[in-house]
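First up is the structure itself, then whatever we jot down about it.
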Amino acid sequence: MENYDEEEVQDVEVDDGKKRKIPLRSNVWAHFTKLPCGNKGKCHHCRKTFAANRGNTTNLKNHLDRCRLYEGVKVEGDPKQQVFFRQKGKDKDDGVVKLNGGFSQEACRMALVKMIVKDELPFSFVEAEGFLEFIQTCCPRFDVPSRRTITRDILELYQHEKGLLKSVFGASKQRVCITTDTWTSIQMSNYMVITAHFIDAEWVLHKRILSFTPIANHKGDGIGKLIEACLIDWGIERLFTITVDNASANKVAITYVKKKLANWSVNSMVLNGLYMHVRCSAHIINLIVQDGLVEVNHSIASIRNAVKYVRSSPARLQKFKTCVDREKISYGGLMVLDVPTRWNSTYLMLHKAVVFEKIFDRMKEDDGHYVNWFVEDEGEKKKEGPPSDDDWANARRLVNVLSIFYYVTLKFSSSLDVTSNDYLNEMAKVLINLKSLATSSDDLLRKMAEKMEQKFAKYWGDSFDQVNMLLFVANVLDPRCKLEFVTFCFSSMYEPRKVEELKSNIKELLMKLYNSYIGGSDVRNCGGVCFGDIHDGSSSGGPSSSIMSIDLFSSFKMMKQSSNVIKK
C-alpha cells in the first residue's frame, strides 16, 4: 500500500529549464492528498479524486464547498473563526448563540459521557453502528471511545462531582434534609436510596442522590447503619430531618441515627433530634385512599380486566380503535393499565376508562372474544367482569372523589419546590372533603369516607403524635401565612379548645427553635424573647361552613381582604 503521509510537494519548472520540488502552499491541501500522478488530489473526507492540473486548486476548493462530509468540520480547524447556531430550549428557541471555533477531542468526549448519564443510555451505545455512522457524518474528527473507556470516564466524572458536592457540605456546614426508601426488585434483591435536599448560599433548592445501594434486609438497624455510613462518606455533619414512609422499621432506623449523631457534635441535630422524623405525606395519602377503595374493589377489578383485555394484543387494540372511530369519540390517547398497589395509577386508569364506556359496551356486540375472555379462569378464580352499568357508575363517582387526593399527592411529591409550607393547607383540604363526603346521601361515598377518616385520624388526628410540628412552623415562617393562617386552618378542622392548644404548642416550639439557633442552653424557656404578641387571627374566626372543597389559602386571602376593607 502506498504511503501519502509525507510532506506534499509539486514539480515547478524554473528559468534554467529544470524542475524543482517545492512544498504545496495552498491550505486546501490540508484536506486532500496529492496522488503520485501529480495532477489529481484525493479528498480526506469523502475519499473521492479530483483534478488539480499544474497545481491549480480551484477545482479542489469548489469541491470542499459542496462536500457533505466536510460540512461538519470545515470551521473547526481555525480557532479564530466563529460559529453561530440556534440553541433550542424545552418550549421554544432560546436565540442565536455564538461559539468560538476549534475542535476539542476532550470536550466532545466529556459531552458524550454526560449524554450517556443524563439520558440513561447503556455504555455499549458508543459502539452501536448507527451512532458511529452519525459521528462519522457530523464530526469525523471525533475519535469515539470504547465502552470500557466510557465506563472509566463516567466513574471519573462521578468522583469529580462527588468531590465538588462534598466541598459544599464541608465548607458551608449547613443542615441537610434527607429522604430514604427501600424496596425489593422482581429479582428479589433489596435496594435502598438516600437523597439529600438542601438550599445553597444563593437560596436555590437542590436535590442530590447520595446513595443507591443493595441492602441485606428491611430491618431498622440495617437502614440506620447505611444512613450513618452515607453521612460519613459525604462529610455531612449537620442533619435537619429524615423523611421516610410509615414502616415501623424506619422508626427504629431514625432512633439509631439519632443515637450516633449525638456523639458527633452538639450541633449535629436540631433540638436533640426531637423533630428529625418526618413521615412521608404522599405515603399517608396512599394508605388513606387504599382503605377507601376496599368498598369498590369489584368495580375496579372489572374495569381493570377490561383494560387488560384491550391491551393484551395488537389485534384487540386495533379492534378497540375501530369501535372508537365508529362511535365518533374524540380522545387524546388510549387507556392505561394501573398498578394495584399505586392508587394514583388506578385513578388515571379510571379517568381514561370512563371516557370509553360506550366502546366497551359496543365490544360486547362486535367482539365475540371479549365476553368469552371473562369466562376463562384466572388461576383458581374467575375473572371479574365485564364491567356492568353499576361498575361504570361507581367508577365515575370514584374519579370525582379521587381527583382531590390525586392533586394533593402531586403537590406533596414535588421535589424541585419547597413543599413544607403547603402541608397544612393540603392536609386541611383532605379532612374538610372527607367530612363533607361522610355526610353524603350516597351510601357508597359515605362508607368510603368513614374508612378514610379512620386512617386519617391514625396519622393526622387531633392527638398529633404522628405529625412533625416543624411542618406548622414552616407556615408560620411563610410571610404570606404566619400564625394567622395556621389558626385559620385549625379552626376549619378542630374545636376551639384544640385550636388554642395547638397554637400554644407552636409558639412554644418557635421559642425553642429561636433559643437553639442563638445558642441558648435552656430550650425550655424563651430567654426573654416573647412571641405572645404574634397576631394569630383569633378575632377573625375560622372559615364558614360553606367552604369545603375550596383551597384554604385562597379563602384565607379573601378573608384578609375583607378584614382590611372593614378596618378602612
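The values are calculated or read from the model by the stated rules, or taken from the named source; none is laboratory data. Computed from a prediction, not measured in an experiment: that's the story for all the values here. Every residue, glycine as well, gets a Cβ built from its backbone with ideal geometry; the counts of neighbours run over all protein chains shown. These area figures cover heavy atoms from the full protein model, side chains too; ligands, DNA and RNA do not enter into them. Shrake-Rupley method; radii C 1.70, N 1.55, O 1.52, S 1.80 Å.
Odds and ends about this structure:
- Restricted to segment 117-132, and to residues there that are farther than 30 Å from TRP234 by Cα and aliphatic (A, V, I, L, M), the residue that is surrounded by the most Cβ atoms within 10 Å (Cβ to Cβ) is VAL126.
- Flag if VAL408 is over 20 Å from SER312 (Cα atoms), β-branched (Val, Ile, Thr), in contact (Cβ under 8 Å) with a residue 60 or more places away in the chain and surrounded by 17 or more Cβ atoms within 10 Å (Cβ to Cβ): yes
- Considered as a group, the residues in segment 203-257 that are basic (Lys, Arg) and out of contact with any helix residue (DSSP H, G or I) (no Cβ under 8 Å at 6 or more places or on another chain) include one that is farthest from PHE412 (Cα to Cα), and that residue is ARG238.
- Residues in segment 306-315 that are free of Cβ contacts under 8 Å to residues at least 60 places away in the same chain, under 16 Å from ALA353 (Cα atoms) and assigned to a helix (DSSP H, G or I): VAL307, LYS308, VAL310, ARG311.
Residue-by-condition table, conditions (1) open to solvent by less than 20 Å² (accessible area, probe 1.4 Å); (2) farther than 30 Å from LEU444 by Cβ; (3) part of a helix (DSSP H, G or I); (4) in contact (Cβ under 8 Å) with a residue 60 or more places away in the chain:
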position: PHE240; (1), (2), (3), (4): no, yes, no, yes
position: LYS251; (1), (2), (3), (4): no, yes, yes, no
position: TYR256; (1), (2), (3), (4): no, yes, yes, no
position: LYS260; (1), (2), (3), (4): no, yes, yes, no
position: TRP264; (1), (2), (3), (4): no, yes, no, no
position: SER268; (1), (2), (3), (4): yes, yes, no, no
position: ASN286; (1), (2), (3), (4): no, no, yes, yes
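- Selection count where residues are farther than 17 Å from LEU239 by Cβ and within 20 Å of the chain's Cα centre (by Cα), scope segment 162-180: 0
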